[in-house]
1. Hey, can you find the accessible area per residue of the stretch 90-232 for me, probe 1.4 Å, expressed in square angstrom?
2. Would you please name the trypsin sites (Lys or Arg not before Pro) within the stretch 151-203 that are DSSP coil residues with at most 11 other C-beta atoms within 10 Å of their C-beta?
3. Could you work out the percent of alpha carbon pairs in the stretch 79-156 separated by over 19 Å, rounded to a whole number?
4. Which is the longest part of the chain that has none of the GluC sites (Glu not before Pro) sitting in a DSSP loop with at most 10 other Cβ atoms within 10 Å?
5. Rounded to the nearest percent, how much of the accessible area of the chain (1.4 Å probe, protein heavy atoms only) is carbon and sulfur?
6. With every protein chain present, what accessible area does Ile236 have (1.4 Å probe, heavy atoms only), rounded to the nearest 10 Å²?
7. Per residue of the chain, what 222 nm ellipticity follows from adding -39500 (n - 2.57) for every DSSP H run with n ≥ 4, rounded to the nearest 500?
8. What Kirkwood Rh does the stretch 138-249 have if only Cα atoms enter the pairwise 1/r average? Answer in Å.
Amino acid sequence: NTMFDAKKMLQCTTAAAYGKSSRNGRLLFGRNLDFPSLGVAHLSSVGCLYHPEGGEPCVSVGFPGRVGGPSGMNADGVAAAVMECYGHGMKPESTPYAMLYRQTLERAKTVDDVVAALREGARSTANNLMVCDAAPRAVVIEMTQSRLAVREEASGIITAVNHFESPELRQKSNDWRLPILKKFRAKSGIDVNAIKKLLKRTALGRTNLQAMIFEPEALSLHLAIGAPPAAEKAYIKLTAVELGLKRPAPGN
């Protein structure tokens, strides 16, 4: 539960489209999780439903034994996924970041709730966190232990990988995924298939353990897991009822 704060290994990609950029106006939030399998992790993806006291039911997609999750969504349609950023060290006395993000997601009803909670929280290390809600709205929260910036795009498409892009925290990068993401941001009429294609193109081969697409308004999740690259596999669509985020209709 602390190894991800101490040793940076996640190399992830996220993209969200909504409003005029989405085919039906609804928000779609895609996410690749790229992490060394060590011959084991790809066999062990797990989704956990939490019922926090006084909070919102929350689904976390992660791995056995990990209290927090790198990706998740709550019953109010707030979804989040982390991308590790490099070069800022860590504060070992702080809450491990996956636990902090899960706690935040369990209490949030909007993107702004997540931003406010993370401004106040003791952050252990530097990360990007893409956060979406059912408004629809999507932002990237860029964080070090001492600074926080919120990046938002008026176009209705936002993307992020493993470096900061805000004016306050900008880092230079020659990541090979950036030209692909730039072309994606110029598109319109984006649907689930377009997000799947993007995740397939930006997956990092043998480390691509999970690929997923959140639909916050419908509280549904498209999930691909298994032997990497996961983004090349068939996705399973899980509804709000199947995820435990919504009660079945009477009689069903």
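1. Heavy-atom SASA per residue in the stretch 90-232 reads 43 Å².
2. Sparse-neighbourhood loop trypsin sites (Lys or Arg not before Pro): Lys172.
3. So the portion of pairs separated by more than 19 Å is 29 percent.
4. Here the longest run is 94-252.
5. 52 percent
6. Around 110 Å² of this residue is reachable by solvent.
7. Taking each H run of at least 4 residues, the total per residue is -5500 deg cm²/dmol.
8. Across the stretch 138-249, the inverse of the average 1/r is 16.0 Å.
The values are calculated or read from the model by the stated rules, or taken from the named source; none is laboratory data. Small disclaimer: the values here were computed from a predicted structure and weren't measured. Reconstructed Cβ throughout: ideal geometry from the backbone, glycine too, with neighbour counts over all protein chains shown. Just so you know, the surface numbers come from the protein's heavy atoms only, side chains and all, with ligands and any DNA or RNA stripped out. Shrake-Rupley method; radii C 1.70, N 1.55, O 1.52, S 1.80 Å.
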